[in-house]
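See below for the structure under consideration.
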Amino acid sequence: MIESLRLKRKAVGVDLNPLAAFITTMESSPLDIDRFRKSKEVVSRAVKDEILSFYATKCPECSATAHADWIEWRDRDHKIIRMKFDCTECGVSGIKKPSREDIALAERIDKEFDEAVQHKKLWFPQTEVPSGDKTSSLLAKGITRFDQLFTRRNLLALAILFSEMNQATSAEREFLRFTFSSCLKWCSRQSHLRGKIVEGWAMHAYWTYPENLELNVWNTFERRFEAVIRGKKYSNEEIGSFHKLAHEFDDLKGDASCLLLNVSSSELPLPANSIDSIITDPPYGANVNYGELSDFWWIWLNNGHTIDKADEVVINRTQRKSLLEYETILTNIFKECFRVLKPGKHLVSTFNSKDIRVVSSFIAAVSRAGFSVRSDGIFYQKPIKAYTTTFHAMQVGAFVGDFVFVFTKSDGTSHDNIRAEITDLANFKHELNQVISKGLRGKMTDSQLREIAYRQLIPYIANHTSNPEDSRQATDFFESRMLEGSKHFESRRKSIIESRRRVFKNRVK
């Protein structure tokens with residue numbers, strides 16, 4: 001939706017997840033930056049000194065009062081290991097071991113927090129962690145409420161900050177809440193040190209580290225505030241006055257430029273044959289369980305309530321959604337996409353899964369909805385550099401790029417027959433086997449070989465939706481051949497890891 005508005009195209013944005021709708025609203029809406037800065041100054045005058053006092057420490061150089069930017073805790077015995085401090089008096093920044101005073105301050109704040117909770121002097125979401133595929137790691141550690149993902153000090157600081165921001169005026173209030181929400185992943189016990197790098201929550205799962213960081217809430221808020229300012233300067237310049245929010249589809253026939261719908265895409269309040277193009281990025285099976293992970297933020301923004309996940313398109317054992325349910329829900333959504341798209345126009349979708357069965361379900365869903373795909377409508381997009389530093393992407397053999405598919409809604413013309421010729425199963429297996437054998441001889445990694453093989457598998461699957469047994473046999477054959485090459489892939493993985501180690505050692509020297 002943001003890119004459409006930048007290109008001065010009218011757009012309808014749809015997402016079942018309310019957090020996604022909130023983020024998109026904040027990204028696209030214009031903001032008076034001067035008024036936003038003034039609203040932050042009001043918050044600063046009210047709570048900055050109090051929050052910073054929670055992180056006060058003595059500067060080891062000049063003995064003046066400094067402030068910790070982060071404090072590293074050891075979970076095993078709940079002990080402070082070290083802390084990074086900044087002294088505004090002498091200008092020194094560094095890392096120090098905790099003093100008795102630092103430990104006493106943490107203990108005193110714990111008591112203040114307990115008293116505030118007991119007398120209901122502050123609000124924060126004490127929402128129970130629901131059972132889920134991605135929350136099971138928390139429940140196994142005895143973390144049964146989301147507030148337990150924060151230290152008492154940070155939870156107290158966050159609650160004070162959140163309460164003050166909620167008193168701001170309407171427009172600035174929402175952007176302050178947006179800024180606040182972006183602090184949460186940094187200020188939780190899911191933050192840690194990766195070497196010398198401070199890293200916030202960076203996984204597709206909940207995870208607290210044996211040694212985790214307690215980041216200074218006020219410092220984090222100021223950093224995120226400036227990040228929002230940079231983002232809004234960009235969107236103000238790129239979108240500006242073109243942003244005019246519609247309340248219903250007919251408003252787009254006038255001067256409104258965007259309609260944002262927080263609904264399921266399986267039932268859209270849009271006329272048939274009304275949309276010029278559809279661009280989508282559906283969940284990749286069980287790769288990311290957005291609903292379960294989004295609860296972490298949404299409970300703050302929605303009075304402690306979690307997200308309704310009943311209609312979420314995902315493979316999730318807890319929600320009793322298997323591959324079959326995933327494919328069924330996805331098919332219904334693509335049928336609705338087919339209904340609203342104009343004849344002869346395109347649906348463009350990214351998709352990435354190392355599990356060909358999930359890819360097969362995606363292709364089958366689009367094809368059963370009526371769309372067509374051919375081999376030259378499949379592109380592989382390598383990942384941008386910023387996405388290659390995540391925990392998942394750094395794993396050797398990770399499938400970190402994206403396939404981009406271009407599907408077409410037939411307009412009934414003779415030029416619209418874009419399906420590839422249907423190949424019989426025996427011939428297809430023979431062709432696929434040649435591709436795999438060549439890849440193994442060429443010392444490809446698992447993901448490199450999948451990138452090439454998928455270009456043949458996907459059109460075959462699309463052309464056999466009426467005979468799913470052939471598709472199943474084709475995908476099973478592919479996975480069995482890949483399994484036979486597991487020793488080769490493991491050897492390549494070890495070779496790449498060793499190569500990386502040599503490069504790292506040379507850099508250190």
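The values are calculated or read from the model by the stated rules, or taken from the named source; none is laboratory data. What you see is a predicted model, and the numbers here were worked out from it, not measured in a lab. Note that we place each Cβ from the backbone using ideal geometry, even for glycine, and neighbour counts take in every protein chain shown.
Points to keep in mind about this one:
- Here LEU270, LEU252 are screened, and the one residue that is more than 22 Å from the chain's Cα centre (by Cα), in contact (Cβ under 8 Å) with a residue 60 or more places away in the chain and under 23 Å from ILE329 (Cβ atoms) is LEU270.
- Members of region 310-335 that are among the charged types (D, E, K, R), buried (at least 19 other Cβ atoms within 10 Å of the Cβ) and touching a residue at least 12 places away in the same chain (Cβ under 8 Å): GLU312, GLU327
- Every residue from region 454-498 that is of a type in the set (Gly, Ala, Ser), under 20 Å from MET444 (Cα atoms) and free of Cβ contacts under 8 Å to residues at least 24 places away in the same chain: SER480, SER486, SER491, SER495
Yes/no matrix, rows are residues, columns are (1) of a type in the set (Lys, Arg); (2) assigned by TED's automatic domain parsing to the domain that holds SER353; (3) modelled with pLDDT of 95 or more:
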residue: PHE180; (1), (2), (3): no, no, yes
residue: SER188; (1), (2), (3): no, no, yes
residue: ILE197; (1), (2), (3): no, no, no
residue: ALA202; (1), (2), (3): no, no, no
residue: ASN212; (1), (2), (3): no, no, yes
residue: ALA227; (1), (2), (3): no, no, yes
residue: SER274; (1), (2), (3): no, yes, yes
residue: VAL288; (1), (2), (3): no, yes, no
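- Pick from region 175-212, criterion more than 19 Å from LYS84 (Cβ to Cβ) and β-branched (Val, Ile, Thr), ranking: surrounded by the most Cβ atoms within 10 Å (Cβ to Cβ): THR179
- SER471 being under 33 Å from the mean Cα position of the chain (by Cα), of a type in the set (S, T, N, Q) and surrounded by fewer than 18 Cβ atoms within 10 Å (Cβ to Cβ): no
Every residue, every condition in (1) in contact with a helix residue (DSSP H, G or I) (Cβ under 9 Å, 6 or more places away or on another chain); (2) under 24 Å from PHE36 (Cα atoms); (3) not acidic (Asp, Glu), yes or no:
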{"site": "LYS134", "(1), (2), (3)": "yes, no, yes"}
{"site": "ALA140", "(1), (2), (3)": "no, no, yes"}
{"site": "PHE146", "(1), (2), (3)": "yes, no, yes"}
{"site": "ARG152", "(1), (2), (3)": "yes, no, yes"}
{"site": "LEU161", "(1), (2), (3)": "yes, yes, yes"}
{"site": "ASN166", "(1), (2), (3)": "yes, yes, yes"}
{"site": "SER170", "(1), (2), (3)": "no, yes, yes"}
{"site": "GLU174", "(1), (2), (3)": "yes, yes, no"}
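- Here the strands (runs of 3 or more DSSP E) wholly within region 128-240 that include at least 2 residues being free of Cβ contacts under 8 Å to residues at least 24 places away in the same chain are 192-194, 197-199.
- Any hit, region 284-291, residues being free of Cβ contacts under 8 Å to residues at least 40 places away in the same chain and outside any helix (DSSP H, G or I): no
- Restricting attention to region 474-501, the residues that are surrounded by fewer than 19 Cβ atoms within 10 Å (Cβ to Cβ) and aromatic (Phe, Trp, Tyr) total 1.
- Of residues in region 138-174 being of a type in the set (Phe, Trp, Tyr) and either surrounded by fewer than 23 Cβ atoms within 10 Å (Cβ to Cβ) or not assigned by TED's automatic domain parsing to the domain that holds VAL47 (or both), the one farthest from GLU292 (Cα to Cα): PHE162
- Within region 422-476, being among the hydroxyl-bearing types (Ser, Thr, Tyr), touching a helix residue (DSSP H, G or I) at 6+ places or on another chain (Cβ under 8 Å) and not in a helix (DSSP H, G or I) holds for THR423, THR445, THR465.
- Test set (1) of a type in the set (S, T, N, Q); (2) touching a Ser or Thr at 6+ places or on another chain (Cβ under 6 Å); (3) crowded, with 19+ Cβ neighbours inside 10 Å - THR280 fails condition number: (3)
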